[in-house]
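The values are calculated or read from the model by the stated rules, or taken from the named source; none is laboratory data. Predicted model only: the values in this text are computed from it and were never measured. Ideal geometry is used to build each Cβ from the backbone, glycine not excepted, and the neighbour counts take in all protein chains shown.
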Amino acid sequence: MKGPFPVDKLKNIDTPFYYYDTDVLKKTLKIVKEETKKYGFVQHYAVKANANKKILELIATEGFGADCVSGNEVKAAVNAGFPASKIVFAGVGKTDAEINLALDLNIFCFNVESLPELEAINELASKKGKTAQVALRINPNVDAHTHAYITTGLSENKFGFGLSQLDTVVGVVATQKNIKLIGIHLHIGSQIEDVKTFVPLCEKVNELQTYFEGKGVKLEHINLGGGLGIDYQEPDKTPIPDFQGYFKVFKENLKLRDGQIAHFELGRSIVGQCGSLITKVTYVKEGETKKFVIVDAGMTDLIRPALYQAYHKVENISSDQKEATYDVVGPICESSDVFVKDYKLNETKRGDLIALRSAGAYGEIMASHYNCREIPKAYLSDKI
Ligand SMILES: *Cc1c(COP(=O)(O)O)cnc(C)c1O
């Protein structure tokens, strides 16, 4: 038996389901709070990583802000107790309805990604007699050295303004009466494991600061996005990511001006390690060349392996028999519905419980109804 699981309790719950270890989440939040406080940094939790209401409420209770990428995320954040005054709103395709919602709630800041969006926000704010606070999302052309699908800060990506476009943008901002430019925003990618990757980001920001000063623009805040990775290989060894190292890189490399505040939007590193997807073995199938463990969770419950070739540690939490080698697969009619291949598990039989670890981020929230399947339920460890 492995991992920190109350197997006797979990056995009685219909599978598949997400199981969140509240203790791990609370410890994580405590450390993030301490580290950000140390440097006067501000953290907005990236809601897209996990918008489970109870998780959002726990994070809101600790005083963090929220980073949202849709109108419904803004609503979810407010419903969970995040004050609108601590909400930032990013995304390349904000609709008029979403912008109006955010204006009505008086959110802290729109992270603006294009000129037509800037003009739309100005026009909608003007109709309401309001001034919208905005930060320009800048694409710094910094390589995050991560999977292509989660790299966002290269010129070829759809996000933000390119460096060569800034002169034009600053010119347009000056003509928009219902816009107040208060900051810049940069997010280079996700699952970044080496914190040194953020050094070139800091250097780029330092250059940008000089540029904006030259233009007479005063930036109140610098938003550095999220992206800190987690240890998918050994979740029990590293249940809490290296937040000390992460924030220190920014403290040491960013040249913040007097009164300027650094904002962060961590998502995965906050919620990733607290969650597991718990699934039951439906069959153990002997193939011609392989043994397949067929579980009752599939890519509809956890799509990361199929979408990003992502690895989640798999454990048989109800067997302590000697190990054998299996492919662990779901029931969905897609060849990509595979969690791991040629993988050593304690000898597994029909009815065993399997845990897919480090599934707290981009897991439950990405679940779908494909194959007319149910969306998995979720339980917190202190409520079962
Ligand atoms: C996804 C995203 C984040 C969070 O990224 P993590 O890797 O989960 O920390 C932060 N900011 C923006 C703009 C994002 O799109």
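Values as computed for the structure displayed
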quantity	calculated
Residues satisfying the stated conditions in region 78-121, i.e. of a type outside the set (G, A, S) and on the phi > 0 side of the Ramachandran plot	N106
Every pair of residues 6+ apart whose Cβ atoms lie under 9 Å, when the first sits in region 167-193 and is within 16 Å of the ligand (Cβ to nearest atom) while the second is of a type in the set (K, R)	I184/R137; H185/R137; L186/R137; L186/K204; H187/R137; S190/R268; Q191/R268
Output for region 270-295, where each listed residue is touching a helix residue (DSSP H, G or I) at 6+ places or on another chain (Cβ under 7 Å) and either free of Cβ contacts under 8 Å to residues at least 24 places away in the same chain or farther than 23 Å from V340 by Cβ (or both)	I270
So K313, is it more than 16 Å from the ligand (Cβ to nearest atom), free of Cβ contacts under 8 Å to residues at least 24 places away in the same chain and in contact with an Asp or Glu (Cβ under 9 Å, 6 or more places away or on another chain)	no
Among the candidates S368, S381, S336, S319, residue that is out of contact with any Ser or Thr (no Cβ under 7 Å at 6 or more places or on another chain) and among the polar types (S, T, N, Q)	S336
Of all residues making up region 228-251, the number that are more than 18 Å from G275 (Cβ to Cβ), in contact with a Phe, Trp or Tyr (Cβ under 8 Å, 6 or more places away or on another chain) and within 16 Å of the ligand (Cβ to nearest atom)	4
Residue check for L101: away from the ligand (no atom under 15 Å from the Cβ), farther than 22 Å from L186 by Cβ and crowded, with 18+ Cβ neighbours inside 10 Å	yes
Criterion: at pLDDT below 95 and in contact with a strand residue (DSSP E or B) (Cβ under 7 Å, 6 or more places away or on another chain) - qualifying residue of T131, T151	T151
Options V32, V69, V47, V42; residue that is assigned by TED's automatic domain parsing to the domain that holds E252, surrounded by 15 or more Cβ atoms within 10 Å (Cβ to Cβ) and without any contact (Cβ under 8 Å) to a residue 24 or more places away in the chain	V69
Helices (runs of 4 or more DSSP H) fully within region 217-322 counting 3 or more residues that are crowded, with 20+ Cβ neighbours inside 10 Å and out of contact with any His (no Cβ under 8 Å at 6 or more places or on another chain)	243-253, 268-271
Options A355, A359: the member that is assigned to a loop (DSSP other than H, G, I, E, B), closer than 24 Å to E234 by Cα and touching a strand residue (DSSP E or B) at 6+ places or on another chain (Cβ under 6 Å)	A359
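Results for (1) within 25 Å of A174 (Cβ to Cβ); (2) touching a Lys or Arg at 6+ places or on another chain (Cβ under 9 Å); (3) hydrophobic (A, V, I, L, M, F, W, C), shown as yes or no for each residue.
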residue: A76; (1), (2), (3): no, yes, yes
residue: F89; (1), (2), (3): yes, no, yes
residue: L103; (1), (2), (3): yes, yes, yes
residue: N106; (1), (2), (3): yes, yes, no
residue: A120; (1), (2), (3): yes, yes, yes
residue: V134; (1), (2), (3): yes, yes, yes
residue: P140; (1), (2), (3): yes, yes, no
